[in-house]
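Notes for the one structure printed next.
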Amino acid sequence: MHSGSCLCGAITFTVEGDLHAPDACHCSRCRKQSGHFWASTDVAKSAISISGRESLTWFASSASVRRGFCSHCGSVLFWDPVQRDFIGVAMGAFDEPTGTHLAVHIHVASKGDYYNIADDVPQHATVPPKPSAV
């Protein structure tokens, strides 16, 4: 089990099971929302429990995605593709240790011009296709 919270503690969450390796999204929407790039892990919606929902505010950033943040401290916590069975959870909101490491940088074609990606993690101009289930 993994736990986390927003900065002020009004919203807490727990995730059952191991965390998937996170990705770092460099698209302009994620950069504007987070202030830099967005690092998150995909969690099955059935595996996450959220407390303090009265402090959770959702912003519909497109017809298919909403982004969740704390209405008190402004912490950005969730990226929710509403028609899917998973939710992206901000890596920075987890209590450590997370037991995982960054797996991929996505949307690097639209990354900010003020930084370089200087690690050995694979980079993709857009989102790479997910492997097929066997």
Helical mean residue ellipticity (222 nm; -39500 (n - 2.57) per DSSP H run of 4+; nearest 500) of the chain: -1500 deg cm²/dmol
Dipole axis of the chain (+1 Lys, Arg; -1 Asp, Glu on Cβ), positive-most option in V121, H26, A103: H26
Of S51, S71, S40, farthest towards positive along the dipole that unit charges on Lys, Arg, Asp, Glu beta carbons give the range 1-119: S71
Accessible area of D80 in the full protein assembly, 1.4 Å probe (Å², nearest 10): 10 Å²
Only Lys, Arg (+1) and Asp, Glu (-1) charged, at Cβ; the range 1-105 dipole about Cα centre in debye: 500 debye
Distance between modelled label sites at T57 and A44, nm, 7 Å Cα→Cβ extension: 3.3 nm
Accessible-area composition of the chain, carbon plus sulfur, in percent [1.4 Å probe]: 52 percent
J(HN,Hα) series, the range 98-103, from Karplus relation 6.51 cos²θ - 1.76 cosθ + 1.60, nearest Hz, glycine and proline x: 8, x, 9, 9, 3, 9
Distant-in-sequence amide H partners of V104 (H built 1.01 Å from N, under 5 Å): A24
For the chain: accessible area per residue (Å², 1.4 Å): 58 Å²
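Relative contact order for the chain: what is it in percent, counting Cα pairs under 8 Å that are at least 6 residues apart?
Values: 270 pairs, mean separation 36.6, N = 134.
With pairs under 8 Å counted, the relative contact order is 27 percent.
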Cα extents of the chain along the three principal axes, largest first (Å): 37, 37, 31
Sum of side-chain charges, S3 neighbourhood, beta-carbon under 13 Å (Lys, Arg +1; Asp, Glu -1): -3
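Considering only protein heavy atoms, with the full assembly of protein chains and a 1.4 angstrom probe, order R66, R31, R53 by accessible area, largest first. Intermediate results must be reported in sequence, preceding the final value.
Numbers: R66 80, R31 55, R53 140 Å².
Putting R66, R31, R53 in descending order of accessible area: R53, R66, R31.
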Pairwise label distance in nanometres, T14 with H101, each label 7 Å out on the Cα-Cβ vector: 2.9 nm
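Provide the three semi-axes, in whole Å and in decreasing order, of the ellipsoid equivalent to the range 6-52 as defined by the square roots of 5 times the Cα gyration tensor eigenvalues. Mind dumping the intermediate values first?
Values: eigenvalues 95, 51, 12 Å².
Its equivalent ellipsoid spans semi-axes of 22, 16, 8 Å.
All other residues with a Cβ under 15 Å from the Cβ of R31 taken together, and with Lys, Arg as +1 and Asp, Glu as -1, what is their net charge?
Net charge around R31: +2.
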For F59, net neighbour charge (Lys/Arg +1, Asp/Glu -1) across residues whose Cβ lies under 9 Å away: +2
Extension gain from D85 to R29, taking 0.36 nm per residue of separation minus the Cα-Cα distance: 18.0 nm
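The values are calculated or read from the model by the stated rules, or taken from the named source; none is laboratory data. Because the structure is a prediction, the values reported are computed rather than measured. So basically every Cβ, Gly included, is an ideal-geometry build from the backbone, and we count neighbours across all protein chains shown. To get the accessible areas, we keep the full protein, side chains included, count just its heavy atoms, and leave off ligands, DNA and RNA. Shrake-Rupley method; radii C 1.70, N 1.55, O 1.52, S 1.80 Å.
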